[in-house]
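This report concerns only the one structure given below.
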Amino acid sequence: MEDRTKGILYMLMVVAIWGFSFVATKVLLDYLDPATIGFTRFFIATVLLFSICRKKENYTRDEIKYVAIAGFLGITCYYMFENVALTFTTATNSSLISATVPVFFLFTVDALRKKFSKPIKYLGAFIAFVGVGLLILNGKFNLNLNPLGDFLMFGSVFSWVFYTLIIDRMGSRNMLIVSRDITLAGTLFLLPFALYEAQNLRIDIFSQNDLLVVIAALIYLGVFCSAFGFLFWNKAIHLAGSGTTTNGIYLLPLVTIIGDSIIIGNVPNIYVVIGAVLVLAGVYLSERN
């Protein structure tokens, strides 16, 4: 199997896992504070990754900086922006803004190399984003604008864009070790926020059922979305390329809707069908050389 194919399979696997992360986070926000959730899920991920791999990597001085910055941007900044934003804005707004990551990544890469990509890539990005909009809005164009919450979500978008650029530079290293060390760095950067929240710690767990829900959601976010999710995503960037992997973000709402249809039995309407077709067509066009 070619490296690119392996990378795409890793990306699709992570998209399938991350498709439900918004729901798990939104559920946890009913019981815990944002930084507490972020620190706990990545602490779980750090412990798991160190139990799997205890090898050391001989980083250069620049690579140590990259690991620290990647942890700060991809974990601390991204999840603090996202978790806090979800307390001010809707899940719909958050999902729609998150879907702009591939668009801004394309613009950022072109700006850094001072060269425009082929027009078909921009067309594909536009079509895919329109498709995502139809999937998320479901034909109901009634966004509740919240300047603070929406602004914070854009903070998470740009954090992820620059995180991806840094991972691209670390491609020659063992991705298991790199992912482990980035997760550790991000967790350490989250610690001060968690300690600040601890001064007025909110734990709204009133029953055994509440406790089981919180534990299940934290395990899902910590083990699957954080430990394995970041590891496989970083591998995908290395094998398939940052552009191709980032385009996988367009597929997240599609995965969520498919899961909703299978688990809950909600039948997709015409807007969902059209949106899905546009997403797939846009991603296809974006991937054409």
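The values are calculated or read from the model by the stated rules, or taken from the named source; none is laboratory data. Fair warning: this is a prediction, and the values are worked out from it, not measured in the lab. Glycine also receives a Cβ, built like all others from the backbone with ideal geometry; neighbour counts cover every protein chain displayed. Surface areas here come from the heavy atoms of the whole protein model, side chains and all, with no ligands, DNA or RNA. Shrake-Rupley method; radii C 1.70, N 1.55, O 1.52, S 1.80 Å.
Below, the figures for the structure above:
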quantity: In the stretch 54-101, residue most open to solvent (accessible area, probe 1.4 Å) [restricted to those that are free of Cβ contacts under 8 Å to residues at least 40 places away in the same chain and closer than 25 Å to residue 168 by Cβ]; calculated: 61
quantity: Scan of the stretch 202-237 for residues that are of a type in the set (S, T, N, Q) and either under 14 Å from the mean Cα position of the chain (by Cα) or under 13 Å from residue 18 (Cα atoms) (or both), ordered by number; calculated: 226, 234
quantity: Residue 63 being more than 13 Å from residue 223 (Cα to Cα), of a type outside the set (A, V, I, L, M) and touching a helix residue (DSSP H, G or I) at 6+ places or on another chain (Cβ under 7 Å); calculated: no
quantity: Within the stretch 201-253, helices (runs of 4 or more DSSP H) holding 3 or more residues that are open to solvent by less than 10 Å² (accessible area, probe 1.4 Å) and modelled with pLDDT of 95 or more; calculated: none
quantity: Failed item, numbered, when residue 126 is tested on (1) within 25 Å of residue 22 (Cα to Cα); (2) open to solvent by less than 50 Å² (accessible area, probe 1.4 Å); (3) not aliphatic (A, V, I, L, M); calculated: (2)
quantity: Residue in the stretch 30-41 that is under 17 Å from residue 94 (Cβ atoms) and either open to solvent by 10 Å² or more (accessible area, probe 1.4 Å) or of a type in the set (Phe, Trp, Tyr) (or both) present; calculated: yes
quantity: Filtered residue count, the stretch 155-200, keeping only those that are in a loop (DSSP other than H, G, I, E, B) and open to solvent by less than 10 Å² (accessible area, probe 1.4 Å); calculated: 1
